[in-house]
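Asker: Can you keep this structure in mind? I'll have questions shortly.
Readers should treat all values here as calculations from the given coordinates under stated rules, not as data from a laboratory. These figures come from a predicted structure and were not determined experimentally. Don't worry about glycine lacking a Cβ; one is built from the backbone with ideal geometry, like all the others, and counts go over all protein chains shown.
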Amino acid sequence: MEGYQFSFMLAVMIFTHQPIQHIAEFISLSLPLLGYVFAVIILGRKNGLEAYQNALQNHMLMSLDSLSNLLNRRAWYEASRRRWDEDKGISFMMLDIDHFKKVNDTYGHECGDKVIAKISSILLEQTREYDIIGRLSGEEFGIVLPQTNLGEAQEVAERIRHAIENTTIDYNGIMVQVTVSIGLIQSSDMVSDFSSLVVLGDKCLYNAKEQGRNCVISYEEI
């Protein structure tokens with residue numbers, strides 16, 4: 001018996017002038033059952049909420065890179081492809097930390113991890129909430145900028161590059177500085193799918209490395 005049924009039956013008994021004794025017996029028999037039903041409902045909601053929270057937490061753990069707290073490679077590609085399908089007017093940025101192996105070899109991997117974490121936080125600070133940022137490999141990052149033309153993306157890329165160049169990372173009293181190289185491309189009719197956009201962005205990044213690093217190279221410049 002649910003709450004509305006109990007209320008309806010009680011109202012009918014009162015309206016039809018049933019004896020008080022009968023009404024009291026009905027209430028005494030119904031309340032324990034109602035208590036049980038409500039307990040099951042509340043417990044079910046609690047278990048459902050816990051299951052949802054657990055599922056959400058597991059999804060986030062599976063989607064995020066534990067070191068950078070950015071999307072991991074798989075989750076980034078999934079989110080970026082969905083955005084590509086919805087909005088072809090995007091720009092894509094491929095970013096790589098210059099001479100990162102030297103940082104690891106000189107100061108150790110713990111220092112390298114600190115560099116990754118710091119650069120990741122800068123990327124989050126210098127981009128918008130709806131930009132899609134992921135760590136694609138050890139020192140390589142991808143950023144999808146929805147509804148952003150090449151000129152606007154160039155400004156974001158230079159802002160990121162300058163912010164990183166001017167950041168000093170304190171590792172056990174040692175001041176470490178790094179730079180980044182960035183490849184940049186805007187979607188166009190010549191790019192048939194998102195994977196092709198990534199390949200061309202990577203080509204721009206390679207050219208940035210070839211031209212001395214610590215610079216931004218767009219597809220139009222190669």
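Asker: Apply the a/c threshold of 1.5 to the C-alpha gyration tensor of region 161-222 and tell me whether it is rounded, prolate or oblate. Provide the component values of the computation, followed by the final result.
Answerer: Working: a/c = 3.46, a/b = 2.62, b/c = 1.32.
Here region 161-222 falls in the prolate category.
Asker: If you take the charge dipole of region 73-221 about its Cα centre, with +1 on Lys and Arg Cβ and -1 on Asp and Glu Cβ, which of VAL180, VAL216, PRO146 is farthest toward its positive end?
Answerer: VAL180
Asker: Rounded if a/c is under 1.5, else prolate if a/b beats b/c, else oblate: with a ≥ b ≥ c from the C-alpha gyration tensor eigenvalues square-rooted, which is region 59-124?
Answerer: prolate
Asker: Cα centroid distance between region 182-222 and region 77-108, in Å?
Answerer: Taking the Cα centre of each part, region 182-222 and region 77-108 sit 11 Å apart.
Asker: So, one more: Compute the Cα gyration tensor for region 47-200, then decide on rounded, prolate or oblate, letting a ≥ b ≥ c be the square roots of its eigenvalues: rounded whenever a/c is under 1.5, prolate when a/b is larger than b/c in the other cases, and oblate in all that remain.
Answerer: Numbers: a/c = 2.07, a/b = 1.14, b/c = 1.82.
Judged from the Cα gyration tensor, region 47-200 comes out oblate (a/c at least 1.5, b/c at or above a/b).
Asker: May I ask you to order 163-176, 96-109 by the average number of other C-beta atoms within 10 Å around their residues, highest value first? If you can, show how the numbers build up before the last one.
Answerer: On the way: 163-176: 13.0, 96-109: 15.6.
The most tightly packed comes first, giving 96-109, 163-176.
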